[in-house]
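Accompanying notes for the structure given below.
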Amino acid sequence: MALQSIIDRRLAGKNKSIGNRERFLRRHKDQIREAVKRAVDGRGIRDIEKGEDIHIPKRDISEPVFGHGQGGKREMVHPGNKDFVRGDRIKRPEGGGGGGGGGGQASDSGEGEDDFVFHLSKEEFMQVFFDDLALPNLARTTLAETPEYKTHRAGFSSDGTPNNLHVVRSMRGAIGRRIALGTESRRELRELEERLTEMKRQPATPAQEIKDVEEQIEALKAKLDRIPYLDPIDLRFRSRVRTPVPTSKAVMFCLMDVSGSMDEGRKDLAKRFFILLYLFLTRHYEKIDIVFIRHHTQAQEVDEHEFFHATETGGTVVSSALVLMDEIARARYPTSEWNIYGAQASDGDNWHHDSGRCRELLNDRILPLCRYFAYVQVAEEEQNLWDEYAALAADSKAFAIRKVTEANQIYPVFRDLFKKEGSPA
């Protein structure tokens, strides 16, 4: 069997070949990934979905070449030669052969070679950004493994079960087929019948000619009778196909401490993590709800602006936010329809009698509802809340805790929380 190659010559914007662009991205995947990582560190998380200009040094994209040096034995004439006579050996030029320019000394003037610059589209940027990340522990409602199916009509097909037979469509096809197959024969039959009638009106018509015409008429009628009234090729069945309908709804609960110990710098770290998680979920779900719950000694559901910008003073009771999350999730987001994710940010400060209750609420009420719950502490000091959460994280795969104290730590921590199983950290 001969092998066939399919060449995709579609053009993608400004006459750039899709195939060539994909090969280039694969070839320089490491450099592009590093450039994307630098872009994440250098701009706000809110702008992460935009494209990016990628700079790659020219030395990294140069092709290896072979050059021919001035070796071997050659004879030539040098006009004005006063230094050499026949038989003298001439030293090889420094800097190597091959017709290159050779290396030079550093200079404080002139211009160096520019890097190769190209633009990653929004889709390409996000693809590289989320290249080795995956939603963890999706369990029954994972998009790729166990989608729900919906049956819908998809026209008609020529085969199927009897209960799906479409009688009207089948009879319409049968009539059209009989008309198409018998048109010429019926026309010829009408002509022969008219000719026979005319021959019988004339007494001088020989009987043999009349008999021949009658035989032709009978043969045509027999031919028409052999056209089946309903042929298997006429049958049309209602076609129904099953298409996967992924569980495409997710809700993201954002819980944040807004007590006096949470300054603007810590809130900014929490905000960046929440936005990064939201962008990650948009890669997997069509519809995403976000519930913002802020708390100090009491918890309250608020809008995004108040969540990030309102300030409070006083103590901290973390369990109040967990209780409110549990109430909202059970009242508005049934697990049969929604994938529930939780993200909590705090500086770790909590009323010491409340931390044990937080662990019980998570273990007994919230984690059974959630696909994943991530806790990020935006302070280095470990307090009783961290100790309780660390013990819970050791027993639950759906719960994870990390520390983030600087903006450039958010991306590595996020990748660590949501890396694919088996991938390197």
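The values are calculated or read from the model by the stated rules, or taken from the named source; none is laboratory data. Values in this document were obtained by computation on a predicted structure and should not be read as measured data. In this analysis, Cβ positions are derived from the backbone assuming ideal geometry, glycine residues included, and neighbour counts consider all displayed protein chains.
Residue by residue through segment 360-371, note down the ones that are at pLDDT 90 or above, within 36 Å of the chain's Cα centre (by Cα) and not in a loop (DSSP other than H, G, I, E, B).
Result: LEU361, LEU362, ASN363, ASP364, ARG365, ILE366, CYS370.
From (1) surrounded by fewer than 18 Cβ atoms within 10 Å (Cβ to Cβ); (2) touching a strand residue (DSSP E or B) at 6+ places or on another chain (Cβ under 7 Å), pick out the condition that doesn't hold for ARG371.
Of the numbered conditions (1) surrounded by fewer than 18 Cβ atoms within 10 Å (Cβ to Cβ); (2) touching a strand residue (DSSP E or B) at 6+ places or on another chain (Cβ under 7 Å), the odd one out for ARG371 is (1).
The rows are residues; the columns are (1) farther than 16 Å from LEU255 by Cα; (2) of a type in the set (Ser, Thr, Tyr); (3) in a strand (DSSP E or B); (4) modelled with pLDDT of 80 or more.
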{"site": "LEU276", "(1), (2), (3), (4)": "no, no, no, no"}
{"site": "VAL291", "(1), (2), (3), (4)": "no, no, yes, yes"}
{"site": "THR297", "(1), (2), (3), (4)": "no, yes, no, yes"}
{"site": "PHE307", "(1), (2), (3), (4)": "no, no, no, yes"}
{"site": "GLU312", "(1), (2), (3), (4)": "no, no, no, no"}
{"site": "VAL317", "(1), (2), (3), (4)": "no, no, no, yes"}
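One line per residue, one yes/no per condition, for (1) over 22 Å from TYR333 (Cα atoms); (2) surrounded by fewer than 19 Cβ atoms within 10 Å (Cβ to Cβ):
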residue	(1), (2)
ASN363	no, yes
GLN383	yes, yes
ALA390	yes, yes
PHE414	yes, no
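Kindly indicate the residue of segment 188-206 that is within 21 Å of LYS221 (Cβ to Cβ) and free of Cβ contacts under 8 Å to residues at least 12 places away in the same chain and also farthest from the chain's Cα centre (by Cα) among those meeting that condition. Before the answer, list the steps.
Filtering segment 188-206 down to residues within 21 Å of LYS221 (Cβ to Cβ) leaves 188-200.
Narrowing the set further to residues that are free of Cβ contacts under 8 Å to residues at least 12 places away in the same chain leaves 190-191, 194, 197-198, 200.
On the way: ARG190: 66, GLU191: 68, GLU194: 72, THR197: 77, GLU198: 78, LYS200: 82 Å.
Only one residue fits best here, namely LYS200.
Condition check: touching a residue at least 40 places away in the same chain (Cβ under 8 Å), of a type in the set (A, V, I, L, M, F, W, C), part of a helix (DSSP H, G or I) and surrounded by 15 or more Cβ atoms within 10 Å (Cβ to Cβ). Does PHE253 satisfy that? Talk me through it step by step, then tell me what you get.
Details: touching a residue at least 40 places away in the same chain (Cβ under 8 Å): yes; of a type in the set (A, V, I, L, M, F, W, C): yes; part of a helix (DSSP H, G or I): no; surrounded by 15 or more Cβ atoms within 10 Å (Cβ to Cβ): yes.
No; evaluated as a whole, the condition is false for this residue.
Within the set of pairs 6+ apart or on separate chains, which have a first residue in segment 368-396 that is among the aromatic types (Phe, Trp, Tyr), a second that is in a loop (DSSP other than H, G, I, E, B), and C-beta atoms under 7 Å apart?
Final answer for the pair search is TYR372/PRO136; TYR372/ASN137; TYR372/ALA398; PHE373/LEU367; PHE373/ALA398; TRP386/GLY348.
Does any residue of segment 237-258 turn out to be over 23 Å from ALA329 (Cβ atoms) and in contact with a His (Cβ under 6 Å, 6 or more places away or on another chain)?
yes
So for segment 342-363 (the condition being more than 20 Å from ASP257 (Cβ to Cβ), out of contact with any Gly (no Cβ under 7 Å at 6 or more places or on another chain) and either acidic (Asp, Glu) or not assigned by TED's automatic domain parsing to the domain that holds GLN383 (or both)), does at least one residue qualify?
no
Hey, could you check segment 165-221 for residues that are not aliphatic (A, V, I, L, M) and not in a helix (DSSP H, G or I) and say which is nearest to ASP234 (Cα to Cα)? Talk me through it step by step, then tell me what you get.
In the first step, residues of segment 165-221 are kept if they are not aliphatic (A, V, I, L, M); the result is 166, 169-170, 172-173, 176-178, 182-188, 190-191, 193-195, 197-198, 200-203, 205-206, 208-209, 211-212, 214-216, 218, 221.
Within this subset, residues satisfying the condition of being not in a helix (DSSP H, G or I) are 166, 202-203, 205-206.
Working: HIS166: 11, GLN202: 46, PRO203: 48, THR205: 45, PRO206: 45 Å.
The qualifying residue nearest to ASP234 (Cα to Cα) is HIS166.
Does at least one position in segment 237-244 carry a residue that is modelled with pLDDT of 80 or more and either closer than 30 Å to GLU188 by Cβ or in a helix (DSSP H, G or I) (or both)?
No; the residues of segment 237-244 include none that is modelled with pLDDT of 80 or more and either closer than 30 Å to GLU188 by Cβ or in a helix (DSSP H, G or I) (or both).
Which numbered condition in (1) touching a residue at least 12 places away in the same chain (Cβ under 8 Å); (2) touching a Ser or Thr at 6+ places or on another chain (Cβ under 9 Å) is the only one that PRO232 fails?
So the condition that PRO232 fails would be (1).
Just give me the residues in segment 388-414 being under 11 Å from PHE373 (Cβ atoms), touching a strand residue (DSSP E or B) at 6+ places or on another chain (Cβ under 8 Å) and either not in a helix (DSSP H, G or I) or not hydroxyl-bearing (Ser, Thr, Tyr) (or both), in sequence order.
LEU392, ALA393, ALA398, PHE399, ALA400, ILE401
From the list LYS287, LYS271, LYS267, which residue is basic (Lys, Arg), touching a His at 6+ places or on another chain (Cβ under 9 Å) and either under 30 Å from THR316 (Cβ atoms) or assigned by TED's automatic domain parsing to the domain that holds ALA329 (or both)?
On the way: LYS287 fails: touching a His at 6+ places or on another chain (Cβ under 9 Å); LYS271 fails: touching a His at 6+ places or on another chain (Cβ under 9 Å).
Sole residue among the options that is basic (Lys, Arg), touching a His at 6+ places or on another chain (Cβ under 9 Å) and either under 30 Å from THR316 (Cβ atoms) or assigned by TED's automatic domain parsing to the domain that holds ALA329 (or both): LYS267.
Would you be able to say whether some residue in segment 329-347 is part of a helix (DSSP H, G or I), aliphatic (A, V, I, L, M) and under 33 Å from the mean Cα position of the chain (by Cα)? Reasoning before the result, please.
Of all residues in segment 329-347, those part of a helix (DSSP H, G or I) come to 329-332.
Narrowing the set further to residues that are aliphatic (A, V, I, L, M) leaves 329, 331.
After this cut, where a residue has to be under 33 Å from the mean Cα position of the chain (by Cα) as well, the list is 329, 331.
Yes - at least one qualifying residue is present in segment 329-347.
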